[in-house]
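Just below is one structure, and these are the notes that go with it.
Each reported figure results from applying straightforward, stated rules to the coordinates on display, with no laboratory input. Owing to the predicted nature of the structure, the values given are computational and were not obtained by experimental measurement. Reconstructed Cβ throughout: ideal geometry from the backbone, glycine too, with neighbour counts over all protein chains shown.
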Amino acid sequence: MLSPESLKKIDHEIAKYPIDKKQSAVMSALAIAQDEKGWLANETMNFVAKYLGMPPIAVYEVATFYNMYNLEPLGEYKITVCTNLPCALSGGNDVANYVKKKLSIGFNQTTADGKFTLKEGECMGACGDAPVLLVNNKRMCSFMTNDMIDQLLEELSK
Amino acid sequence: MTQFTQTLLAGVDSSDAENWQLKNYARRSGYSAIRKILSNKISPDSVIEEVKKSALRGRGGAGFPTGLKWSFMPKQYEGDKYIVCNSDEGEPGTFKDRDIMRHNPHILIEGMIIAAYAMGVKVGYNYIHGEIWDTYERMEEAVEEARAAGYLGNNILGSNFSFNLYNHHGYGAYICGEETALLESIEGKKGQPRFKPPFPANYGLYGKPTTINNTETFASVPWIILNGGEQYLKLGKPNNGGTKLFSVSGHVNKPGNYEIPMGTPFATLLEMAGGMRGGKKLKACIPGGSSMPVLPGEIMMQTDMDYDSIAKAGSMLGSGAVIIMDETTCMVKALERLSYFYFEESCGQCTPCREGTGWLYRIVNRIEHGKGLMEDLDLLDNIADNIQGRTICALGDAAAMPVRAMIQHFRNEFIYHIEHKKCMV
Amino acid sequence: MINIEIDGQQVSVPKGGTVMDGAKELGIYIPHFCYHKKLSIAANCRMCLVQVEKAPKPLPACATPVMEGMKVFTRSDQAITAQKGVMEFLLINHPLDCPICDQGGECQLQDLAVGYGAGQSRYTEAKRVVVNKNFGPLISTDMTRCIHCTRCVRFGQEIAGIMELGMAGRGEHAEILSFVGNSVDSELSGNMIDLCPVGALVSKPFRYSARTWELSRRKSISPHCGLGSNLVVQVKHNRVMRVLPRENEAINECWLSDKDRFSYEGLNSEDRLTKPMIKRDSQWQECDWQDALEFAVHGIKTVKEKYGAGKIGALTSPHSTIEELYLLQKLIRALGSENIDHRLRQSDFRLDSQLQGIPWLGTSIAAISELKSVLIVGSTLRKDHPLIAQRIRQAVKRGLQLNIVNPIGDDLLTDVTNEVIVAPNALVTTMAEILKAVTVIKNLQVADELKEVISAVKVTDIAHKIATSLLQENPAAIYLGNMAQHHPDYTDILVLVQHIAEAAEAQFGMLGEAANSLGAYLAGAVPGQVESAGLNAAQMLGNDLKRTSAPCQGYILMNMEPEYDSHNSQQALKVLKDAEFVISMSSYKGTASTYADVILPIAPFTETSGTYINTEGRVQSFNGVVSPLGETRPAWKVLRVLGNLLEFNGFDYEASEQVRAEIIPEEKDINGRLNNKLKSFVISVTDQSNTNLQRIGEVPIYQSDPIVRRAESLQVTSDAATPRAWMCSALLDKLNISAGDKVKVKQDQGEARLYAACDDRLPPDCVRVVSAHSDTIALGAMFGEILVEKL
Ligand SMILES: Cc1cc2nc3c(=O)[nH]c(=O)nc-3n(C[C@H](O)[C@H](O)[C@H](O)COP(=O)(O)O)c2cc1C
Ligand code: SF4
Ligand code: FES
């Protein structure tokens, strides 16, 4: 179900917790599974549940509680723009609008070519670098200007 | 420009990609605090005493005296105890812990080692906000370095003290910053806060005694041990010891983190942050993160940056996030965005917060969109009143306080919105 | 104890108790939704906020621990304002259409809203709508009404032992659901309906069929397992509409199993008999009672004249009342026969001559909660005794060590300390190993009759562990489940259990299979044993191979369907078909017309008064809750008339209470008659060289008795799924069969075609094929040799 590399990473996470507390690794296991699969299909969650000895619904609770899990297939790149107040004061909304215009999509939409999905994000703990956006949960882009967005989209479109 | 003593970022060069590494931390006399403790056989109780003397107060938001908190951990407890670092910085406006972790991660690790020593703890977790992934990776590397150098693991530096530290990442839930939600999250569950009592010191991670502190709190400890609690206290003001990182965001020229002594005037901080962007007028400031009451600019300019002074001015120091808003800011819109945040981030378990945050947001949203009624202002105040103090955790308060303060200080602007169905600014 | 004051009244609460505990003690009602005395404290609804002196804000009574000198005000301004505020929040997104809600009239939210709600809502925004979920055939949802109290979720995690529901999502989007549309399959699921304080989870079978105020509530006792759960039966227009638990802490607590709760559908089944029927000249015809009874009497007399009274037998299920059982045995004995039995699924009767008393649980049901170690032998515990499994689950949380010796490894949804899963024919050996371990540890002499067995086995590691658990943890008990009682070596198992228990100073007993498994003994529904030994069930049904004499020619059957209720269904049907004259007293048509000559419609438990004596010896009488359907009559009355028509003395009862008084003159007496010990018994070493495949043929949960077999909703649950031939993968490989293949399963002359399935928790060379199911009744004994062939 998951690749040996992913399983190795999950095992590394499991080792951080007491032996009878495997469930503690569920957040990282889901993140690792999502990195491999792009999103969390029911089978994937079921697999993680079995792997960690949890009821599948408990895995589902976790997957739906935390924002960064994708419960449906998204574009190849998920772009999350922070529009919370501190970012908004420094152009967060302008960035969001610019990306919307460039990609001709709104929040929670995916481009026709399946390349990009746009999301509105909450505070990323990087307000000093506003405006900020996040690519696929892991790559943070700071002090975004329109030029930088052009560059970024171009790079990702390749 | 004024130069202050730094305790957290002293000597840190964030432009140098390798400056965070252990060897460089060691050059800044890193890990000498724990060495001092172990080689001088300073007792755990003396460590806690020193922290008490320093008047270090929790940097996560509530400002609880750290030494006192540490003394709550049961001493004679058989079985596991834990310390947990709260690096789930997600309070809008706050971005200080990220800088500590990415530019000076070993100071946090050393702080946690000392805390573990003081409380007789063998295992610690550092819970890192999900969105700052590279910081999580940096911490993983730093922990590995520390382990390799013998600062983490069994028999640290040849002593009989052992401590292991692990990083746990979040994945997008502000509520996990609340300490008991964070524990639930480490346990692999939804981050839903627990009812207190029992408090974590008795029933924490996996039901074991646990102490939770903010990243900055732990990171403040090595300096205290090296230089003495009294010295630290003297950097700041009585009851408000030491220096503090303030995250300045919004309408300033140089947003960023500034480490200043407690009690430094707000005006000085504003100046350090390059002053108002475009020379505009300061209209309002949220001095302690988005959960805290907003204060009008005039009041702010008279206030010093420490717990007691800001409380006197009618707000709270909170996490030290200073959100600056100039005269062009629409306060209704600002509140709408904040209310949306709490509505989105409510964990959903307790009734007043689950139902009330949505209600608040929808009314403010209506007002912002020209569909407000005059009664709405009292209604907002009353709903906020019905949320505040009635919820399991303080997110309810955090959602209510900004609403009440905004209406208190900027009522005219709300009335204008309702009457003219448009913005005043 | 901690002293506090609530609303000016003093109360002492144990340390660790809450304000809510104190208020309950004083009889002060504090409104609440999420709090439930049997569940963990969530404190999420915030309805129970009260004022506490010196506390800056109102505190939830359910979660606030008492502290010495605490002063609480539940009706102060601060408290009432807080409670009203919460009520307003609860209602803003809750539909206000009580008249169309199935919970209307029995809704905690509705009740409280009347007292707390403002007349008019200040909420003018759009209300939240939540899509409904499909949780299977028993629970219907109206999720928009959910108030997120999480009682259902906590019930699953804590009581049912399986988390099937969760609260997914966050904040306002949080909703209760199962993992991707799974049904809720717990055998205790119906309790979530009771727990739901609003109309979000409601009974699917009951839905929209009545309003609560139209229903009359009558007390009754569940007729299924030996627990004797206390029921409230709700009736409208002389029809049972719904069954709810009646709280009895000593028995079912506040719970019911789904079987107890939903089986009532079987009472209203199409298959119910409404008129007597007789077979004249091979033709079935409905007739009146007079004709039917005369026909029956004539038939029985003829058999007696032709073959003698010894060729008349009576078979009854233990689900009958003691009054019915007593009159049946009285009738059969008046006829001059000793052939009567209720132990239809038992196969080993060697213990009969050695019983010192009536077999029973050996402890009270409540005592299970206090045990520190328990050994369960041969039981599908969760399915046969769902609420005992639940009790054990709670006890395990308090430190009970659960030890299992079983032919199946089904998940008990709790921590098992030691477990031995062995083939049915190795059960005796395993028990002997445990006995040997006990004697070795305690350095005891073995009784002569056991010497041979004991010397034939060695102490395995697991046997040692189980023995240690029983010896070291007190109090301890050993219980024999249904499979042990149906087992061909029941006597040997019992002897070993008795000796283990004696050595370990533990209690031991049987988990009563049916409502009156104990009562039937007391009523005398067992063959005479002293001089004129009567035939037992196995002999009457012809499956006792050791006996050569032919079974009976005349049978009176009461409440029993031979193909489902016997140890060997194939054999039972054959015997009855071969008999000359069969009277079937039954509530259902079933297939009686294929073997009976007269069918007498008798009332199920809801239509007659009677008494069940549960497995702990508790006598529980009940009245009928509706009048008998059609011309159905209570069986005790039918037996009374039969006795009169046969001109026997002592059949002139006017009320069932008279019958009961004859059986139990003084209730207290019965305790002295309960005894599980055998006088003495030399047990044999079982031959395990037999490597043929063995059947494990337990009775599935919803096939156990005629009523539940006809409960439609239960019949579409996953527990009622089509039987399969379960084998471990090693056996599948050996037979060159894959899971999912269609196979032919054969026993004696019978065969069934089933799908093969894999369960690696099964012992090698065992095939698990349930009995008592229409797909498998063509097969033979519940245990014994079986053949499997790939088709
Ligand atoms: C909704 C909410 C969010 C919080 N977020 C954070 C956070 O991001 N970081 C943090 O350190 N403390 C946060 N806190 C405070 C913690 O609950 C806790 O008080 C703190 O971690 C204790 O550490 P300290 O004593 O060192 O301040 C939050 C509290 C609430 C109620
Ligand atoms: S106040 Fe909000 S976030 Fe806190 S427990 Fe209640 S619902 Fe959850
Ligand atoms: S009953 Fe106390 S909070 Fe729900």
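Compared with the dominant principal axis of the Cα atoms in chain C, helix C:386-397 is inclined by about 60°.
Pull up the DSSP beta bridges for the stretch B:100-243 and report the antiparallel fraction as a percent, rounded to 5. Among the beta bridges of the stretch B:100-243, antiparallel pairing accounts for roughly 25 percent. The mean sequence separation of alpha-carbon pairs under 8 Å and at least six residues apart, normalised by the residue count of chain A, gives a relative contact order of 18 percent. For the stretch C:526-635, trypsin sites (Lys or Arg not before Pro) meeting the loop criterion (DSSP other than H, G, I, E, B) and having at most 12 other Cβ atoms within 10 Å: C:Lys546. Comparing A:Ala15, A:Ala96, A:Ala49 in a Gaussian network model of chain A, where Cα atoms under 10 Å apart are tied by springs, the biggest mean-square fluctuation is seen for A:Ala15.
Shielding value for B:196-208 is 1, the average number of Cβ atoms from other chains within 10 Å of each residue's Cβ. Among C:Lys219, A:Lys22, the order by Cβ neighbours within 10 angstrom, fewest to most, reads C:Lys219, A:Lys22. For the protein assembly as shown, a crude dipole built from +1 on the beta carbon of Lys and Arg and -1 on the beta carbon of Asp and Glu, taken about the Cα centre, is about 1520 debye to the nearest 20. What separates the Cα centres of the stretch B:363-393 and the stretch B:201-255 is a distance of 34 Å. Phi-derived couplings, Karplus 6.51 cos²θ - 1.76 cosθ + 1.60 at θ = phi - 60°, listed residue by residue for the stretch A:21-26: 10, 3, 3, 4, 8, 5 Hz, with x used for Gly and Pro.
Legend: mean number of C-beta atoms from other chains within 10 angstrom of residue C-beta atoms, peptide B:131-144, equals 3. Does anyone have the angle between helix C:289-307 and the longest principal axis of chain C? Alpha-carbon axes, 0 to 90°, nearest 10? In chain C, helix C:289-307 runs at an angle near 40 degrees to the longest axis.
Among the GluC sites (Glu not before Pro) in the stretch C:248-302, those located in a DSSP loop and surrounded by at most 16 other Cβ atoms within 10 Å of their own Cβ are C:Glu249, C:Glu270. Of all lysines in the structure, the ones whose alpha carbon falls short of 23 Å from that of C:Lys451, not counting any fewer than 8 places away in one chain, are C:Lys436, C:Lys442, C:Lys465, C:Lys677, C:Lys679.
Residue by residue along B:338-347, Cβ atoms of other protein chains within 10 Å of the local Cβ number 4 on average.
Per-residue packing, averaged as other Cβ atoms within 10 Å, sorts the ranges C:340-353, C:301-314, B:205-218 into the order B:205-218, C:340-353, C:301-314, beginning with the highest.
Only Cα pairs under 8 Å and at least 6 apart count here; give the relative contact order of the stretch A:4-65 as a rounded whole percent. 29 percent.
3J(HN,Hα) along the stretch C:43-53: 6, 9, 7, 6, 6, 8, 4, 10, 8, 10, 3 Hz, from the Karplus curve 6.51 cos²θ - 1.76 cosθ + 1.60 with θ = phi - 60°, whole Hz, x for Gly and Pro. Beta bridges from DSSP with both residues in the protein assembly as shown: antiparallel share about 55 percent, rounded to the nearest 5.
With both residues required to sit in chain C, DSSP beta bridges show an antiparallel share near 55%. Within the straight-line cut-off of under 23 Å between alpha carbons, the lysines reachable from B:Lys422 are B:Lys280, B:Lys281, B:Lys283, B:Lys333, B:Lys371, sequence neighbours fewer than 8 places apart in one chain being disregarded.
Its residues counted as N, the stretch B:82-236 yields a C-alpha radius of gyration over 2.2 N^0.38 Å of 1.01.
The convex hull around the C-alpha trace of the protein assembly as shown, projected and averaged over every direction, spans 57.0 square nanometres. When the pairs C:Lys734/C:Lys790; B:Lys53/B:Lys244; A:Lys37/A:Lys78; A:Lys21/B:Lys190; C:Lys383/C:Lys574; A:Lys22/B:Lys208 are compared against a 21 Å limit on Cα-Cα distance, C:Lys383/C:Lys574 fall above it. The peptide list A:136-147, B:104-115, put in order of mean Cβ contacts within 10 Å with the highest first, becomes B:104-115, A:136-147. Placing unit charges on the Cβ atoms only, positive for Lys and Arg and negative for Asp and Glu, gives the stretch A:77-157 a dipole magnitude near 240 debye about its Cα centre.
When the alpha carbon gyration tensor of chain C is reduced to an equivalent ellipsoid, the three semi-axes, largest first, read 47, 33, 26 Å. For the peptides C:534-542, B:143-151, C:331-339, residues were scored by their other Cβ atoms within 10 Å and the scores averaged per peptide; the highest-first order is C:534-542, C:331-339, B:143-151. What number comes out for the charge environment of B:Glu298, summing +1 per Lys or Arg and -1 per Asp or Glu over other residues with Cβ under 11 Å away? Within the 11 Å Cβ shell, the charges total +2. Ellipticity at 222 nm from helices only: DSSP H runs of n ≥ 4 in chain C, each -39500 (n - 2.57), divided by the residue count, give -7500 deg cm²/dmol. What is the angle, in °, between the Cα long axis of helix A:4-14 and the longest principal axis of the Cα atoms in chain A? Nearest 10 is fine, range 0 to 90. On a 0 to 90 degree scale, this one is about 80. The value of relative contact order for chain C, using C-alpha pairs under 8 Å at least six residues apart, is 14 percent.
Across every pair of non-identical alpha carbons in chain A, the mean reciprocal distance, once inverted, gives a Kirkwood radius of 16.8 Å. Distance between the C-alpha centers of the stretch C:174-232 and the stretch C:467-504? Whole Å please. Taking the Cα centre of each part, the stretch C:174-232 and the stretch C:467-504 sit 35 Å apart. Can you spot the lysines whose alpha carbon is less than 19 Å from C:Lys54's alpha carbon? Ignore those fewer than 8 places along the same chain. Cα-Cα hits under 19 Å: B:Lys196, C:Lys71. Please state, as a whole number in µm²/s, the translational diffusion coefficient that the Stokes-Einstein equation yields for the stretch A:4-65 at 20 °C and 1.002 mPa s, with Rh defined as the Kirkwood radius across alpha carbon pairs. Roughly 189 µm²/s, to the nearest whole number. Distance between the pseudo-spin-label points of C:Tyr307 and A:Glu155 (7 Å out from Cα toward the beta carbon): 9.4 nm.
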